[in-house]
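Engineer: Please find one structure pasted underneath; my questions will follow.
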Amino acid sequence: MSKSASTLPKPKKRKKRAVITRSEAVRRLGAMLKAIHADLDMVLATEAALETANATVKATPGVKRPGAHTYNVVVQSLSFNLAMSLARLFDEGAKRFKPNQRDLASIPLIVRLLRQKRCQDALGREAREWIPHMPRLADQQEAACRKAAADAIAAYDAVRRDPKGRRGIRRLHDMRNKVLAHSFMEEVLIAMPTYNELFRLADAAQEVVSGALFAIDGQNADLSNIEEIYRDHGEEFWEHALRAPVAKP
């Protein structure tokens, strides 16, 4: 006896693809870039403050300084802030949502769009109009735009291939989950990436954003110069902050 129609399993409905138009994809590139650039600026400033703090103290080993506990708290806070800023930058979003449905601005999502030929073609066409009064440069501008997009993608792929980069990203994810779960700060700090991993991710983020800024917005921003300015400020600050009389053991 054949099964009745009512007992037969119903065919599963195929999930609709979350497709967005080319114009929406390009709009998202611009919107994400602004948020990502702001996060990167915080990363560069925090990284410089942290590096110069450590360098200033290491320059005089064996010297006891007043208020050392507060210094350690400040450095620990800088490390945590750097890690959280990088966690936002490298956040892939909740896997239960399709990439086009994830409401966040991050490097993985902006690189995903930059990989798409339709986005590269649209950005290339826009680049041809960057200097409208010099049409003879249109080909060069488009080529430079496409190269910048390729450089951004390559920088992200490189950090994903690098064991230190992959480990750092995984630890960022674990650390952020502990923060959201309201774990004790001690557990969060244990889960946090090492300095080397944080600095590797910061360098990668700088390379990706530098390429994206030029490809999407035509901004030839010298992020390494901005980082150097932050480092100069950090060195000046710590030299004055740690200039109090010290007592050798």
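Engineer: In whole Hz, what ³J(HN,Hα) sequence does the range 110-123 give by Karplus (6.51, -1.76, 1.60; θ = phi - 60°), x for Gly and Pro?
Structural biologist: Going residue by residue, I get 6, 5, 4, 6, 5, 5, 6, 4, 4, 6, 4, 5, 5, 5 Hz, with x marking Gly and Pro.
Engineer: Still on this model: Identify, among Thr52, Met32, Gly62, the residue whose Cα sits farthest towards the positive end of the charge dipole of the chain, taking +1 on the Cβ of Lys and Arg and -1 on the Cβ of Asp and Glu, with the dipole about the Cα centre.
Structural biologist: Met32
Engineer: Got a sec? Which residues in the range 144-162 would a label at Arg22 touch, if it sits 7 Å along Cα→Cβ and we count backbone N under 20 Å?
Structural biologist: 144-150
Engineer: With just the Cα atoms of the range 36-153, tell me how far they stretch along each of the three principal axes, in Å, largest first.
Structural biologist: Largest to smallest, the principal-axis extents are 63, 42, 18 Å.
Engineer: For helix 163-180, report the angle its Cα long axis makes with the longest principal axis of the Cα atoms of the chain; keep it between 0 and 90° and round to the nearest 10°.
Structural biologist: Helix 163-180 and the main axis of the chain meet at about 90 degrees.
Engineer: I'd like the orientation of helix 138-161 relative to the chain: the angle between its Cα long axis and the longest Cα principal axis, in ° from 0 to 90, rounded to 10.
Structural biologist: Here the helix axis deviates by roughly 70 degrees.
Engineer: Now a separate question. What are the chymotrypsin sites (Phe, Trp or Tyr not before Pro) within the range 41-92 that DSSP puts in a loop, where the Cβ has at most 13 other Cβ atoms within 10 Å?
Structural biologist: none
Engineer: Return an integer: the convex hull volume of the alpha-carbon atoms of the range 132-223, in Å³ per residue.
Structural biologist: 103 Å³
Engineer: Also, quick follow-up: I need the phi-derived Karplus couplings for the range 76-90: 6.51 cos²θ - 1.76 cosθ + 1.60, θ = phi - 60°, integer Hz, Gly and Pro marked x.
Structural biologist: 5, 5, 4, 4, 5, 5, 4, 5, 5, 5, 5, 4, 5, 5, 9
Engineer: Label Met42 and Asn81 with points 7 Å out from Cα along Cα→Cβ: what is the distance between them in nm?
Structural biologist: 1.0 nm
Engineer: On to the next question. Would you work out if the chain is rounded, prolate or oblate? Take a ≥ b ≥ c from the square roots of the eigenvalues of the alpha-carbon gyration tensor; rounded if a/c is under 1.5, else prolate when a/b is larger than b/c, oblate otherwise.
Structural biologist: oblate
Engineer: What is the magnitude of the charge dipole of the range 65-201 about its Cα centre, with +1 placed on the Cβ of each Lys and Arg, -1 on the Cβ of each Asp and Glu, and no other charges, expressed in debye to the nearest 20?
Structural biologist: The dipole of the range 65-201 has a size of about 400 debye.
Engineer: Once the Cβ-Cβ distance between Asp103 and Ile226 is put in as r, and R0 is 35 Å, what FRET efficiency do you end up with, to the nearest 0.05?
Structural biologist: Between Asp103 and Ile226 the formula returns 0.80.
Engineer: Kindly provide the trypsin sites (Lys or Arg not before Pro) of the range 54-130 that DSSP labels as loop, not H, G, I, E or B, and whose Cβ sees at most 10 other Cβ atoms within 10 Å.
Structural biologist: Within the range 54-130, the qualifying trypsin sites (Lys or Arg not before Pro) (loop, at most 10 other Cβ atoms within 10 Å) are Lys95, Arg96.
Engineer: Just to be sure I understand: with springs between alpha-carbon atoms less than 10 Å apart, which residue in Ala38, Ala150, Ala87 has the highest mean-square fluctuation in the Gaussian network model of the chain?
Structural biologist: Among Ala38, Ala150, Ala87, the largest mean-square fluctuation in the Gaussian network model of the chain belongs to Ala38.
Engineer: Between Leu137 and Val73, what FRET efficiency follows from the Cβ-Cβ distance if R0 is 35 Å, with the result rounded to 0.05?
Structural biologist: 0.10
Engineer: Next question, about the same structure. What angle, in degrees between 0 and 90 and rounded to the nearest 10, separates the Cα long axis of helix 223-241 from the longest principal axis of the Cα atoms of the chain?
Structural biologist: Helix 223-241 sits roughly 30 degrees off the main axis of the chain.
Engineer: On average, how much accessible surface per residue is there in the chain, in Å², for a 1.4 Å probe, leaving out ligands, DNA and RNA?
Structural biologist: 61 Å²
Engineer: Can you pull the percent of the range 39-118's accessible area that's carbon plus sulfur, 1.4 Å probe, other chains left in place?
Structural biologist: Solvent-exposed carbon and sulfur of the range 39-118 make up 56 percent of the total.
Engineer: Using label points projected 7 Å from each Cα along Cα→Cβ, tell me how many nm separate Ala31 and Asp157, to one decimal.
Structural biologist: Rounded to a tenth, the inter-label distance reads 2.8 nm.
Engineer: So, with +1 on the Cβ of K and R and -1 on the Cβ of D and E, and no other charges, what is the size of the charge dipole of the chain about its Cα centre, to the nearest 20 debye?
Structural biologist: 2240 debye
The values are calculated or read from the model by the stated rules, or taken from the named source; none is laboratory data. Keep in mind the model is a prediction, meaning the values are calculated, not measured. As a convention, Cβ positions derive from the backbone with ideal geometry for all residues, glycine included, and neighbour counts pool all protein chains shown. Note: areas computed on protein heavy atoms with side chains; ligands, DNA, RNA excluded. Shrake-Rupley method; radii C 1.70, N 1.55, O 1.52, S 1.80 Å.
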